[in-house]
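The values are calculated or read from the model by the stated rules, or taken from the named source; none is laboratory data. Please read these numbers as outputs of a predicted model, since none were measured by experiment. As a convention, Cβ positions derive from the backbone with ideal geometry for all residues, glycine included, and neighbour counts pool all protein chains shown. To get the accessible areas, we keep the full protein, side chains included, count just its heavy atoms, and leave off ligands, DNA and RNA. Shrake-Rupley method; radii C 1.70, N 1.55, O 1.52, S 1.80 Å.
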Amino acid sequence: MFLHIVVSINNSELHRYNFTETEILIGRSSECDVLLDNAGISRTHAKILRQGNEVKLIDLNSGNGTFLNGQSIQEATVTSDDTIGIGKFALTVKLSEEALPDSEPPPSAEPPPVTTSTVFLRPDETRKILQQTQTPKAQATTQPTRPSQAESGNSNSLWIFAAGAVVGLLFGWLFWG
């Protein structure tokens, strides 16, 4: 028997999962089977246990709770077409004898507008970004340069001359005024 989980937010499908495993971990950690990358989600938020044809949803003492069909739960039995609520995410559960195809969201003709809201990445995209950011940076090949003695000497001399002229004018005005 296959357990299908469709992850969505605001009725927009983000990802589909097919599982045959008996234990499925849900949370923010990259170690989870269903990765929900959002600060409101605990690292290990909940788990689904399959025992034969029975499916149980267990909250793992998460900070913001786990909901089944809108009701807060600690442990509950899940049936096909139930909706699990975790943070902003809705996870629809389906049980069947056949695997459903994993799907990518349909490509849109225009890219979505850039917003200041949460960005949702699939687990493979998150891992790819993390791998790219953890590669060692190339060492700088050039050393910083300092101005030559002649350049800095001319600049300093000009400032000293200007300061001396101003001081001289002030003293002349005060004494011979």
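Magnitude of the Cβ-charge dipole of the range 1-86, K/R +1 and D/E -1, about the Cα centre, nearest 20 debye? It would help to have the intermediate numbers written out before the result.
Details: 6 positive and 11 negative charges, 25 e Å.
Here the range 1-86 has a charge dipole of around 120 debye.
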Next item on the list: Tell me the GluC sites (Glu not before Pro) within the range 1-60 that lie in a loop according to DSSP and have at most 15 other beta-carbon atoms within 10 Å.
Entry: E21, E31
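Probe of 1.4 angstrom, ligands and nucleic acids ignored: what's the accessible area per residue over the range 3-77, in square angstrom?
Values: 3760 Å² over 75 residues.
I get 50 Å² per residue for this part.
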Margin query: Skipping prolines and chain starts, which residues have an amide H placed within reach, meaning under 5 Å, of the one on T66, given they are 5 or more residues away or on another chain?
Written below: I73
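Rg to Rh for the range 1-74: what is it, with Cα atoms only and Rh by Kirkwood? Intermediate results must be reported in sequence, preceding the final value.
Values: Rg = 12.1 Å, Rh = 12.9 Å.
We get a ratio of 0.94 for the range 1-74.
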Check: Which cross-chain or sequence-distant (5 or more) residues have an amide H under 5 Å from the amide H of H45, H modelled 1.01 Å from N in plane?
Finding: I26, G27, R28
Next item on the list: May I ask you to evaluate 6.51 cos²θ - 1.76 cosθ + 1.60, the Karplus curve with θ = phi - 60°, for each residue of the range 14-24 and list the ³J(HN,Hα) values in order in whole Hz, giving x for glycine and proline?
Entry: 9, 6, 10, 10, 10, 10, 10, 5, 8, 9, 10
Next item on the list: Could you work out the Rg to Rh ratio of the range 43-100, with Rh taken as the Kirkwood radius (inverse of the mean 1/r over all Cα pairs)?
Entry: 0.96
Note to self: Can you compute the modelled spin-label distance between S29 and K56, with each label point 7 Å from Cα toward Cβ, in nm?
What the structure shows: 2.0 nm
Item checked: Cβ-based charge dipole, the range 6-52, positive-most Cα from C32, Q51, L14 -> Q51
